[in-house]
Amino acid sequence: SIGSGVSIIQVISHDKYQRVSGTMIGGGTLVGLSNLLLHINDFSKIQELSRKGDNSVVDTLVKDLYGSNYDGLDGETIASSFGKVASISADELEKANIKQEDIAR
């Protein structure tokens, strides 16, 4: 693996499986975004930072949309990564108390 994506595997049985698709979003995406946003490109440091963060500061959760759990989805499930910061102005973003840890989470 070169850290560039994630394979989607169909498991047919314990010893029979096949790659059916993939996504370009993987480890390389995580480290690249971290480098752009946080100026950190070391995976272990990203992990360490993320353990201290609160993603609900930047991510839109199911409970933000529906008030609580919805149709079998836990309210804490991420509905949109970075959804809370997508629609605020640059001025509001500067005033917001968003920490590196929250972005890394």
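Among the residues of region 46-88, those identified as free of Cβ contacts under 8 Å to residues at least 40 places away in the same chain and part of a helix (DSSP H, G or I) are 47, 48, 56, 62, 63, 64, 65, 66, 83, 84, 85, 86. Taken across region 25-43, residues that are in a strand (DSSP E or B) and open to solvent by 90 Å² or more (accessible area, probe 1.4 Å) do not occur at all.
Within region 1-24, which residues are open to solvent by 100 Å² or more (accessible area, probe 1.4 Å) and hydrophobic (A, V, I, L, M, F, W, C)? Walk me through it before giving the result.
Of all residues in region 1-24, those open to solvent by 100 Å² or more (accessible area, probe 1.4 Å) come to 1-2, 11, 14-17, 19, 24.
Of everything in region 1-24, those that are open to solvent by 100 Å² or more (accessible area, probe 1.4 Å) and hydrophobic (A, V, I, L, M, F, W, C) turn out to be 2, 11, 24.
Within region 37-48, being within 15 Å of the chain's Cα centre (by Cα) and farther than 14 Å from residue 102 by Cα holds for one residue alone: 43. When residues in region 47-96 are screened for being within 20 Å of residue 34 (Cβ to Cβ) and either open to solvent by 70 Å² or more (accessible area, probe 1.4 Å) or of a type in the set (D, E, K, R) (or both), 12 of them pass.
The values are calculated or read from the model by the stated rules, or taken from the named source; none is laboratory data. None of these values were measured; they are calculated from a predicted model. Positions of Cβ are backbone-derived with ideal geometry, glycine not excepted, and every protein chain shown enters the neighbour counts. Side chains are part of the model used for accessible areas, which takes the heavy atoms of the whole protein and leaves out ligands, DNA and RNA. Shrake-Rupley method; radii C 1.70, N 1.55, O 1.52, S 1.80 Å.
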